[in-house]
Each structure stands twice: as structure tokens, then as C-alpha cells.
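Asker: I am attaching a structure below and will ask some questions about it afterwards.
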């Protein structure tokens, strides 16, 4: 059996890595440990490196076609991992999921239309619609749970709301949604004429025996009124390939959208994107499973570290254990109260928290408020790294 070395430290500086080479610009210093943007520090599976090396060594980099086995391979993975029977003609290549969301926003809505998100949520869910002239409505989570009654009321009051962008599993927080919640969500959105875009990029990173349920698989209504986006990028640490796909069971949605993608050549994968995906889904599962066990160990290590970080008898940082993904949502509200010197926190207090981690703990995390105002007092940490990178010190606060 192949051995995987997840403790290996790989020098990624000066490789045009956003995670490393943008530190000075984003955090004001580059002498910090980057635990922010969502790519892992692990070397990608050898099977993927080997197949790509074959094409690199050919020395000829001409035009390439989509491999015939790509869509059946995606369908097979969805059946194996998510118990969802997907037909090949439901599938199209997409050049990245955020780009896919942008394409769907532009094709299925028009400027001025309303799009709803469940905040705090991955910031492009807000930025992409806003940047394209749409109006964003927030349906905030309640302690990591969907507030479906409020969603129904919001869609009734604000209608028509053309689109909802669902994060499943949810980022940040790593929450997995129940079949019951997804079924009810599908019924609410269908009743209000709201198309659901389900971003399921973290769906293959389930921890501690949890299992993701694909939104479109829960009912005929969900399948008829949704577009699912997926990718091997987070799972196998290949986001730089922009290797993603969409699944649309409803031909009335799929046919015009896919024709538009084809007309603009937006559905054409590079050889690295297509063969990276195929190899990941056919040969990469042992690596993925081993990586998840290592990440679980990292999360337990962090939980123990934070449990010991206390002041005045209270734990200052309370991590939310993710059910899926290597991203850990840190509840730092107790820490921020100490830093701000008051119990009633305000958005203007958040820079104190960012400063603590950057200039005192010397780690770069994602500011919780980038995911929405509900992220006040929170930070997001990337635990997809060698455990030694999590050995940072947490200076005392008074």
C-alpha cells in the first residue's frame, strides 16, 4: 500500500501561490504562517502527478478534446460517494465553481434581480451577484442551522427572488444539511420560483463518518429546480486546474445553459483539468481517505490547544468541529471581548481580533466578517496542513 506523508513541509514561496506570495499585501507582513485560503499544504496524489507528467513530457501542447470517459467518471463518483444516479448528459465541464456561479447568475438572472444567500457564507456568494448588478438578500443561519421559516417569509416579502445560492456543505462551519432540511428548502424555493444553485465543492471531504447529501437528489422538485456544482479541486488539492463540473437534471434548464456555454467555449477543459479529474476520481480515493484521517487528527489537536487557552476561567476560542472540510470556524467572541474590553461587540472591534492573530500569534486566518456581519468575533482556519504548522503560540490576554 502506498505511503502518504502529510507531515512533509513543501516550500511554496515564490511559486505564484496566492496563499504565500500575497501575504505581504493582504496581512501587512510575510513572516506569518498562512492558514487562510482554502488549498491544502499536502502534495497532490501521485497518481495525478504521474498522469500529468506524461502529458508534460510529450513536449507538444496543442489543442485537446474532452476525454470520452470524463462525464461517465463523474457520474460514477457521484453514485459511489453520494448515492445519486446521475446521467452523463446532465453534466458539463465548468472552468471553476465561482466562475460557474457567475455564469449562472448572468444567464438565469438579469441586473436588478434578487439573489438570496445563507450568511455567514463564502464571500463570492455575495460578491459575484453584487458585482454583476444583482441585489443580495441574507437569510442568516441560526447557530449553524438553516432558518427555513425566515427564508419562506423573506421570499414571500421580497418576491420575486430569482435565485438562491446554497453552500452544501456549508462554508464556513463545515455544516452538513439533513435530508429533511434540503427537502423543505427545495419545496420553499420551488413554490416561490427561486432557482437553487448548490455549491458542493466540499462534499467529498466528510469527517468522522458523516456523509453529504446532494441537494438535487432529495426529491423530484429539487432535481427540477436546481444546478449542482462540484469539483475534485478541494478534495485532491488541485484547485489551480480550475477543474469543475455542473449537473442539471432538468433539460429545460440544461439545454439552453449548456448551449450558451458551448457557444462561448466555456465548457472546454484543458488536458490538465480533464485528466486530473478523471485520475482523481478513479485512483485517488485511498489518498483522500488517508488525508481525511490526518485532518481529523489536526482538528483534535486544535481543539486541545484551544481548550487550554483561557482567561478569567473561560475558554477564549471555541472551534466549531466541521462535519465536512478542512476549514475550521473559530468562535473567538470571548477573546474579542477581552481585547475590546467590553461584552457588547461591534463590527469596528473585529480589527483587534485580526491584529491579535497576525501580529501576536503570527498566523494568517480569514477574517470572519468577510463572510458577512454574522462573522463578527469569528475567524476561519485552514487545517489542511502538516501538524507542525499548527504549533503556533497564543499569547496571553488580560
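The values are calculated or read from the model by the stated rules, or taken from the named source; none is laboratory data. Predicted, not measured: the structure shown is a model, and the values here were computed from it. With ideal geometry, Cβ positions are generated from the backbone for all residues, glycine too; neighbour counts draw on all protein chains shown.
Asker: Which of the residues belonging to the stretch 106-116 are surrounded by fewer than 24 Cβ atoms within 10 Å (Cβ to Cβ) and either in contact with a helix residue (DSSP H, G or I) (Cβ under 7 Å, 6 or more places away or on another chain) or in a loop (DSSP other than H, G, I, E, B) (or both)?
Answerer: Residues satisfying the conditions are 107, 109, 110, 111, 112, 113, 114.
Asker: Then there is this: Would you mind finding the one in 288, 337, 362, 310 that is in contact with a helix residue (DSSP H, G or I) (Cβ under 7 Å, 6 or more places away or on another chain) and at pLDDT 95 or above? Explain how you work it out, then say what you get.
Answerer: Working: 337 fails: in contact with a helix residue (DSSP H, G or I) (Cβ under 7 Å, 6 or more places away or on another chain); 362 fails: in contact with a helix residue (DSSP H, G or I) (Cβ under 7 Å, 6 or more places away or on another chain); 310 fails: in contact with a helix residue (DSSP H, G or I) (Cβ under 7 Å, 6 or more places away or on another chain).
Within the list 288, 337, 362, 310, the selection yields 288.
Asker: Taking the condition under 23 Å from residue 211 (Cα atoms), in contact with a strand residue (DSSP E or B) (Cβ under 8 Å, 6 or more places away or on another chain) and crowded, with 19+ Cβ neighbours inside 10 Å, does residue 323 pass?
Answerer: The answer is yes for residue 323.
Asker: Scan the stretch 167-223 for residues that are without any contact (Cβ under 8 Å) to a residue 60 or more places away in the chain, under 17 Å from residue 149 (Cβ atoms) and in contact with a strand residue (DSSP E or B) (Cβ under 6 Å, 6 or more places away or on another chain) and jot them down.
Answerer: 189
Asker: Let me confirm something: among 49, 12, which residue is surrounded by fewer than 16 Cβ atoms within 10 Å (Cβ to Cβ), at pLDDT 95 or above and part of a helix (DSSP H, G or I)? Step through it out loud before you land on a result.
Answerer: Details: 12 fails: part of a helix (DSSP H, G or I).
Checking each option against the conditions leaves just 49.
Asker: Determine whether the stretch 284-291 contains at least one residue that is within 14 Å of residue 94 (Cα to Cα) and in contact (Cβ under 8 Å) with a residue 12 or more places away in the chain.
Answerer: no
Asker: Mind checking which residues of the stretch 339-366 are surrounded by fewer than 17 Cβ atoms within 10 Å (Cβ to Cβ) and part of a helix (DSSP H, G or I)?
Answerer: 347, 348, 351, 352, 355, 359, 360
Asker: Those residues that are touching a residue at least 24 places away in the same chain (Cβ under 8 Å), more than 19 Å from residue 291 (Cα to Cα) and part of a helix (DSSP H, G or I), I need them from the stretch 24-46; list them, please.
Answerer: 26, 27
Asker: Scan the stretch 70-101 for residues that are touching a helix residue (DSSP H, G or I) at 6+ places or on another chain (Cβ under 6 Å) and closer than 16 Å to residue 272 by Cβ and report the count.
Answerer: 3
Asker: Just checking, does the stretch 72-93 include any residue being in contact (Cβ under 8 Å) with a residue 40 or more places away in the chain, in a loop (DSSP other than H, G, I, E, B) and farther than 30 Å from residue 217 by Cα?
Answerer: Within the stretch 72-93, none of the residues are in contact (Cβ under 8 Å) with a residue 40 or more places away in the chain, in a loop (DSSP other than H, G, I, E, B) and farther than 30 Å from residue 217 by Cα.
Asker: Sticking with this one: Tell me, yes or no, whether the stretch 91-109 has at least one residue that is at pLDDT 95 or above and more than 28 Å from residue 270 (Cα to Cα). Break it down stepwise before answering.
Answerer: Just the residues of the stretch 91-109 that are at pLDDT 95 or above, to begin with: 91-109.
Imposing the further condition that a residue be more than 28 Å from residue 270 (Cα to Cα) reduces the set to 109.
Scanning the stretch 91-109, I find at least one residue that is at pLDDT 95 or above and more than 28 Å from residue 270 (Cα to Cα), so the answer is yes.
Asker: Looking for something modelled with pLDDT of 95 or more, surrounded by 14 or more Cβ atoms within 10 Å (Cβ to Cβ) and not assigned by TED's automatic domain parsing to the domain that holds residue 327 - is there at least one such residue anywhere in the stretch 54-68?
Answerer: Scanning the stretch 54-68, I find at least one residue that is modelled with pLDDT of 95 or more, surrounded by 14 or more Cβ atoms within 10 Å (Cβ to Cβ) and not assigned by TED's automatic domain parsing to the domain that holds residue 327, so the answer is yes.
Asker: Further question: Kindly evaluate residue 93 against the criterion of being surrounded by 13 or more Cβ atoms within 10 Å (Cβ to Cβ) and within 30 Å of residue 252 (Cα to Cα).
Answerer: yes
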